[in-house]
Amino acid sequence: MQKIKLLIVDDLKVHIRRLERLVGEKQDLQLVGTAQSGYEAVMMAAIHKPDIILMDIQMENNMAGIEAAKQINEKLPNIKIIMLTVHKDDSIIFAAFQTGIVDYVLKTSSDEEILGAIYSAHKNLSPIRPMIAEKIRNEFQRMKESEQSILYVIKIISEITPSELQVLQLLAQNKTRKEVAAIRCVEEDTIKKQINSILKKFNKRNYKEVIQIINELKIFELINQI
């Protein structure tokens, strides 16, 4: 029987010992080595060419495991990487999957779940776990809402005058009304009227609310790319 070769990567010895025990209890699993940093993980992956790597994320730096996973997947794409971590942050999860990992398991998971992840990865059957699926759904919903917001704001901007657009752009650069008036060589009352017109179109009471929306959605960056 050909054994599944594993590399354990974690900077905490207590976690390494747990996984060593887990792997040692299974006759079809073989531990080829352990590493305690992302740098060591890349080196040992190249030397031992394991079938599967159980990779921690936060080691010598907060994203060490993700950086190592990216390098390993680029150079040794046949190695399957399972992130075994304490992190539940959406941004970290998505960053991890972008490197090409096959699974993302929390360290609080049971021994049976960790073993299941190993065997599933080896058979190319790694599931999308409920926690990951929910975060993916939330991310798609956020993207959809953001897209709708961008379209809505651009529609409003298409209805304002070129002069109002220039005023809005200057305000988005943190210029005061007085500074905008000076740059545009007009009276401050003129700028005030233009701002009021902009507020009506955005259905807002304060121009700072409009600027916050504009800057968060990076509207002017999008416009400059068109």
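The values are calculated or read from the model by the stated rules, or taken from the named source; none is laboratory data. Everything quoted here is computed from the prediction, not taken from an experiment. Methodologically, a virtual Cβ is constructed for each residue, glycine included, from the backbone with ideal geometry; neighbour enumeration extends over all protein chains shown. We work out accessible area using only protein heavy atoms, side chains counted, and drop any ligands, DNA or RNA first. Shrake-Rupley method; radii C 1.70, N 1.55, O 1.52, S 1.80 Å.
A few notes on this one:
- For the range 28-55, a tally of residues being assigned to a strand (DSSP E or B) and farther than 14 Å from Met83 by Cβ returns 7.
- The residues of the range 56-71 that are over 18 Å from Asn124 (Cα atoms) and in a helix (DSSP H, G or I), listed by number, are Ala64, Gly65, Ile66, Glu67, Ala68, Lys70, Gln71.
- Test: residue in the range 60-77 that is surrounded by 15 or more Cβ atoms within 10 Å (Cβ to Cβ), touching a His at 6+ places or on another chain (Cβ under 7 Å) and either within 23 Å of Val23 (Cβ to Cβ) or of a type in the set (Phe, Trp, Tyr) (or both): no
- Selected residue (criterion: most open to solvent (accessible area, probe 1.4 Å)) from residues of the range 167-226 that are among the basic types (Lys, Arg) and within 13 Å of Val153 (Cβ to Cβ): Lys218
- Conditions (1) more than 24 Å from Ile47 (Cα to Cα); (2) at pLDDT 90 or above; (3) touching a Leu at 6+ places or on another chain (Cβ under 6 Å): number failed by Ser110: (3)
- The residue that is most open to solvent (accessible area, probe 1.4 Å), counting only those in the range 79-108 that are in a loop (DSSP other than H, G, I, E, B) and either charged (D, E, K, R) or free of Cβ contacts under 8 Å to residues at least 12 places away in the same chain (or both), is Lys88.
- So Ile150, is it touching a residue at least 60 places away in the same chain (Cβ under 8 Å) and assigned to a helix (DSSP H, G or I): yes
- The set of residues in the range 165-193 being acidic (Asp, Glu) and either at pLDDT below 90 or assigned to a helix (DSSP H, G or I) (or both) consists of Glu179, Glu188, Asp189.
- Residue satisfying all of: in the range 1-27; not hydrophobic (A, V, I, L, M, F, W, C) and not in a helix (DSSP H, G or I); nearest to Thr85 (Cα to Cα) among these: Asp10
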